[in-house]
1. Counting only residues 5 or more places away or on other chains, whose amide H sits under 5 Å from the amide H of His98 once H atoms are built in the peptide plane?
2. When the Cα centres of the stretch 121-195 and the stretch 92-115 are compared, how far apart do they sit, in Å?
3. P(r) tail for the stretch 230-323, what percent of Cα pairs lie past 16 Å?
4. For labels at Arg152 and Lys73 in the simple 7 Å Cα→Cβ model, what's the distance in nm?
5. If amide H atoms are built 1.01 Å from N in the plane of the peptide, which residues on other chains or at least 5 residues away come under 5 Å of the amide H of Glu50?
6. Can you run phi through the Karplus equation (6.51, -1.76, 1.60; θ = phi - 60°) for the stretch 266-271 and list ³J(HN,Hα) in whole Hz, with x for Gly and Pro?
7. Run the simple label-point estimate for Ile258 and Asn197 please: 7 Å along Cα→C-beta, distance reported in nm.
8. How many Å³ per residue does the convex hull of the Cα positions in the stretch 77-188 occupy?
Amino acid sequence: MADKEKDRINNPHQIYEMLINGAITPGQAIIMFNELDNSKKPMGKAVDEESLDEVMRELDQLIGLSKVKYLVKEIQAFAQIQKKRQEAKLLAEPQVLHMIFKGNPGTGKTTVARLLGKMFKHMGILQKGHTVEVERADLVGEYIGHTAQKTREQIKKAYGGILFIDEAYSLARGGEKDFGKEAIDTLVKAMEDYKDNLIVILAGYKDEMEWFLQTNPGLRSRFPIQIQFNDYSVDELMEIAKMMVEKRQYKFSPEALITFERLLQNSKSDRNYDKLGNARLVRNMIEKALRRQALRLVNQKRISREDLLQIKPEDISEVPMNQ
């Protein structure tokens, strides 16, 4: 399809007619529907310019995470009261907000870290509010002195925001002679030097993070906030699935919902669930369902808008937990 013809498309009925007439494939139609939807969204407002109310709404819309939501309200209230104390010429206590997130993959740890950065910017706790996400390979070097340099580079990037270290326990796995210890030491120093404009969040599996804290007794006291991210229930996973599907402008048929829920219940008993389960598994299952739906429709002679929207039971299959 020529670019000029594409530029003239300004409503979904045009896309629908082109699909019926065979001018475009179902896959192209899906892309064009999404592009049309995005073109109608207001421009000129960057993600980091969202208001505090908008970011709070994003957090509230996340399924579960009641402890996290309560913690944010505590921090927000404390920040507001400290500001009022300053205005009243009273002593204002700074907050130490370094955190440890414990939980399996797919339980929302990274998503929450990103939202916290935005919130803390609005609350005046952080200057920029961005989140720099790293893991062991980003911090640990290959020779003496290299690790401190790499770690300081990541700290510099994160200054004014959040440094989020996933699988943080891997920094201590090599023992005393491993360069990971150098990364921890550099990190601890930076937490003290830049405490007014840097928040460090360490994340990982619950048991591994507990072991990590025991290997370095001084670490626990530096992270006063520890949050357990529990696995989602099947009901919560179904709510997440519905939200993901709606955002992509699809919908489950009633029978597909039953099939999806049954597969989720089965997956809970898989020994690899803690590695690939939760919201991550839901996302993978949905993405696979969308590909299977496209394969089902691609050779269909007449394709209605309802066909493009609906996910059917035959589109849904289990995603291997060892992939």
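None of the figures in this text is laboratory data; all of them are computed from the coordinates on show. Computed from a predicted structure; not experimentally measured. Using ideal geometry, Cβ is built from the backbone for each residue, glycine included, and neighbour counts are taken over all protein chains shown.
1. Here Val200 satisfy the definition.
2. 15 Å
3. Summing the P(r) of the stretch 230-323 above 16 Å gives 52 percent of all pairs.
4. It works out to 4.4 nm between the two label points.
5. Answer set, sorted by chain and number: none.
6. Running phi through 6.51 cos²θ - 1.76 cosθ + 1.60 with θ = phi - 60° gives 5, 5, 4, 8, 6, 5 Hz.
7. Each label point is offset 7 Å from its Cα along the Cβ direction, giving 6.0 nm.
8. 119 Å³
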